[in-house]
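Inspection log for the structure reproduced underneath, given as structure tokens.
The values are calculated or read from the model by the stated rules, or taken from the named source; none is laboratory data. Predicted, not measured: the structure shown is a model, and the values here were computed from it. So basically every Cβ, Gly included, is an ideal-geometry build from the backbone, and we count neighbours across all protein chains shown.
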Amino acid sequence: MGDFQYFDIILFAMIAAFLVLRLRSVLGRRTGNERRRDLFPPRPARVAEKSVGDKAGVAGAEILAPVSTANPRPANSVADGLARIQRADPGFDPNHFLDGARVAFEIIVTAFAKGDKAALRPLLSDDVFRPFAQTIDERATAKETVETRGLKLDEAEIVEADLYGRTARITVRLVSHQITVTRAMDGSIVDGDPDHPVEKTDYWTFARDTRSSDPNWTLVATSSG
């Protein structure tokens with residue numbers, strides 16, 4: 001009888017180990033850094049590719065040059081900048097990046113309208129998050145609400161790209177149509193037209209450490225044009 005009980009214990013232990021392995025293969029390992037889903041998945045690296053990196057400025061302080069959105073750089077300059085980023089990070093793919101930028105645009109615009117600072121925090125740099133959060137707090141104090149609907153992103157185009165030390169910076173021109181209405185506590189309209197979408201052109205600059213294992217980019221600057 002004792003032998004059968006001992007066999008049952010071994011059998012249950014084997015089944016439990018099998019289930020743990022199956023769950024790990026499906027869900028993946030948790031590292032404690034699961035702040036957000038990957039909006040910018042890297043392309044699969046080809047076997048022949050090697051990580052070259054930009055040795056200039058890697059060891060020293062990074063200099064982030066100001067981005068001019070008023071006069072986007074020529075297309076060949078953009079291509080050169082993208083090529084430098086690809087040499088530093090062979091997993092970088094411009095098409096995948098633009099797909100992620102589109103998703104990030106919709107998430108950020110929607111979260112800002114809802115006043116969801118928790119959703120915005122991991123996607124924005126400190127310099128961008130502060131004015132976003134301040135505006136959200138001011139709306140809450142004034143008891144105003146913002147409604148954004150009919151959001152349609154018509155164009156997403158890379159207009160600037162370059163590598164500064166190990167930090168890649170890419171500016172995207174985003175053309176969208178959206179209805180954004182700000183309402184007072186009593187429901188009256190403070191700003192916006194609830195019936196007619198407005199075309200907006202935004203320039204968003206994303207940055208990422210090319211040596212980071214995190215594939216996501218952070219929004220570091222915004223402007224409208």
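Couple of notes before you dig in:
- All conditions in (1) surrounded by 15 or more Cβ atoms within 10 Å (Cβ to Cβ); (2) farther than 17 Å from Gly115 by Cα; (3) of a type in the set (A, V, I, L, M, F, W, C) hold for Val146, with the sole exception of (2).
- Scanning region 126-177 for residues that are touching a Gly at 6+ places or on another chain (Cβ under 6 Å) and either assigned to a strand (DSSP E or B) or under 20 Å from Ala207 (Cα atoms) (or both) returns Ala161, Asp162, Gly165.
- The set of residues in region 183-204 that are more than 18 Å from the chain's Cα centre (by Cα) and within 27 Å of Thr218 (Cα to Cα) comprises Val198, Glu199, Lys200, Thr201.
- Number of the condition not met by Ala133 [criteria: (1) closer than 30 Å to Arg87 by Cβ; (2) touching a helix residue (DSSP H, G or I) at 6+ places or on another chain (Cβ under 6 Å)]: (1)
- Yes/no for Ser212 being among the hydroxyl-bearing types (Ser, Thr, Tyr) and free of Cβ contacts under 8 Å to residues at least 40 places away in the same chain: yes
Residue by residue, here is whether (1) loosely packed, with under 15 Cβ neighbours inside 10 Å; (2) β-branched (Val, Ile, Thr); (3) closer than 19 Å to Asp93 by Cβ holds:
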position	(1), (2), (3)
Pro194	yes, no, no
Phe206	no, no, yes
Asp209	no, no, yes
Thr218	no, yes, yes
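- The set of residues from region 86-125 being under 23 Å from Ile136 (Cα atoms) and outside any helix (DSSP H, G or I) comprises Gly115, Asp116, Leu124, Ser125.
- Some residue of region 126-136 being of a type in the set (Ser, Thr, Tyr) and surrounded by 14 or more Cβ atoms within 10 Å (Cβ to Cβ): no
- Candidates are the residues of region 69-79 that are more than 21 Å from the chain's Cα centre (by Cα) and more than 16 Å from Phe97 (Cβ to Cβ); the one that is modelled with the highest pLDDT is Ser77.
- When restricted to residues that are of a type in the set (D, E, K, R) and either closer than 28 Å to Thr135 by Cβ or part of a helix (DSSP H, G or I) (or both), region 71-85 contains 2.
- Residue count for region 190-211, restricted to those that are outside any strand (DSSP E or B) and out of contact with any Asp or Glu (no Cβ under 9 Å at 6 or more places or on another chain): 4.
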